[in-house]
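Each remark here refers to the structure printed beneath this line.
Each value in this text was obtained by applying a stated rule to the coordinates, not by laboratory testing. Everything quoted here is computed from the prediction, not taken from an experiment. Cβ: placed from backbone, ideal geometry, glycine included. Neighbour counts: every protein chain shown.
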Amino acid sequence: MKGSQLHRSRLLALALAGGALVGCATYTDKTERLRDSVARGDLGGGLTAANKLLKVDAADELPDDMKGDRPLVVLERGSILHALGRFLESAKNLQAAEGELELLDLSNDAGGKIAKYIWSDSATKYKTPPVERLALNALNMINYLAVGDLNGARVEAKRFTTMRNYLRDYDPEHAYGGFGSYLAGFTMEKLGETDSALLYYDEALEERSLVSLIPAVKRMWRPESFESERFESLLGVELTARTEVTRPEVNETEPKGGELLVVVNVGRVPRKKAQRIPIGAAIGLAGSYVTGDLAVLERTALKVFIYPELVPAGNTYDSAAVQVDGHELHTELVSDISAHVVREYTELKPKIIGAGISRMITRALAAEGARAAGSSGKNESSGVLGALAALAVEGAMVAADKPDTRSWTLLPAQVYIARQYLPAGDHEVEVTISGPGGEERRVANVTITEGGFSVVDFTTLR
């Protein structure tokens, strides 16, 4: 084989190898089996898939190291364990993941670093956006409340508060508080820390009006000691038979009661998936976030742009209703986590696409250099060699620059809450979860003790 032919063959091989590498599996691809199992309602299969990804045998076993995507997979496994009612194992997983995760600080984006990270830094340690970071502690509060551990719930409330206070100071637009603040308030109320409970409940009302808080606020709040326009507005809500929840009248022979809190988590938040769009459409979406000369893309071999788009999870259920002893309770949406996820991504999407196009320009410039070098010969094959050289360089660079589709895919989409003060004794709780895929009923028996509480969690990641 002549030298020029050999060189041409090597370049062609490099170009083909680069193109093959572009198809490397993303996080979404790697966790597909896990998500598919959960979507079918096969939580055991999802748990097995998570353990396989972590290369461990049991759900209470953590990997030897937490490199790469492992902290995120541990989060996914924590969600599955929570849905299975294995609350202490779930808490262990969530805490282990939390210790390895950093916050994706949306308030500090000098030079578009966040967009570059989301675009192609999938080899780096995963960073949680605000909505995921705050939901982690909230979900763990439920883990501890469900087993009656108020001290464990207090620790998670403090961790939640630390992160939310940081966001309130530096990025208030993303300091989502409804879910976590409600649970932290409940925890402090049961610990007898009234002032802290009222502060958390006031924060929970920032997101939406919550009539289930009316009885607690009426019991604890004194306007002269705690000013709150939200409490004033809340207590102005006209009460109905279902929303009026007060301590029942009892006599000497009747058992005194305690409080029931029912938390229902439904669905899964949207996830990221690698999507292809024409380069022209991508430029239109990115707008001013593109840096570099777009003209160089006219000669690029890559006319399609690939980026991490947010796509719906395809949930079976999206709403919940709660009954106790055959009587319907007022059940309300406390937090729409999916909406927060969409909002965060929508804000970043033009920057993400702009960062990707800017990298395409860099690749195209390098390819043009290779084209010029390969075409410098005087023989007739020089032009072909130059084109192959350009394709090889561009293909190799694309192979190392894939979109990052990582996210907490098994984070619940919506959180519903119902609460009721009940006489001491045994009670039956029935939850009906419904949505576009039909409905599902679940029943649990709870025992309310005098002056105590019971937290019941129903989680379906479908």
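For Arg86, no residue 5 or more places off, or on another chain, has a built amide H under 5 Å of its own. Just in region 143-236: which GluC sites (Glu not before Pro) are loop by DSSP and have at most 10 other Cβ atoms within 10 Å? Passing sites in region 143-236 are Glu224, Glu227.
Across region 312-328, coupling constants 3J(HN,Hα) worked out from phi with the 6.51/-1.76/1.60 Karplus curve, θ = phi - 60°, read x, 7, x, 6, 7, 10, 8, 8, 8, 9, 10, 10, 10, 6, x, 9, 6 Hz, and Gly and Pro carry x.
What the Cβ-Cβ distance of Leu191 and Gln275 gives, at R0 = 45 Å and to the nearest 0.05, is a FRET efficiency of 0.40. For the peptides 404-417, 446-459, residues were scored by their other Cβ atoms within 10 Å and the scores averaged per peptide; the highest-first order is 404-417, 446-459. Backbone geometry of region 169-174 corresponds, through the Karplus equation with coefficients 6.51, -1.76 and 1.60 at θ = phi - 60°, to 3J(HN,Hα) couplings of 7, 10, 8, x, 5, 10 Hz, x marking Gly and Pro. For the residue pairs Lys92/Lys256; Lys30/Lys125; Lys125/Lys273; Lys52/Lys349; Lys67/Lys127, alpha carbon separations beyond 24 Å are given by Lys92/Lys256; Lys52/Lys349. Annotation for Asp325 and Thr449: the two label points, set 7 Å from Cα along the Cα-Cβ direction, are 2.0 nm apart. For the peptides 327-340, 277-290, 138-151, the ranking by packing is 138-151, 327-340, 277-290, with the highest mean count of neighbouring Cβ atoms within 10 Å listed first. The stretch between Lys158 and Glu32 holds 41.9 nm of extra length on full extension. This uses 0.36 nm per residue minus the Cα-Cα distance.
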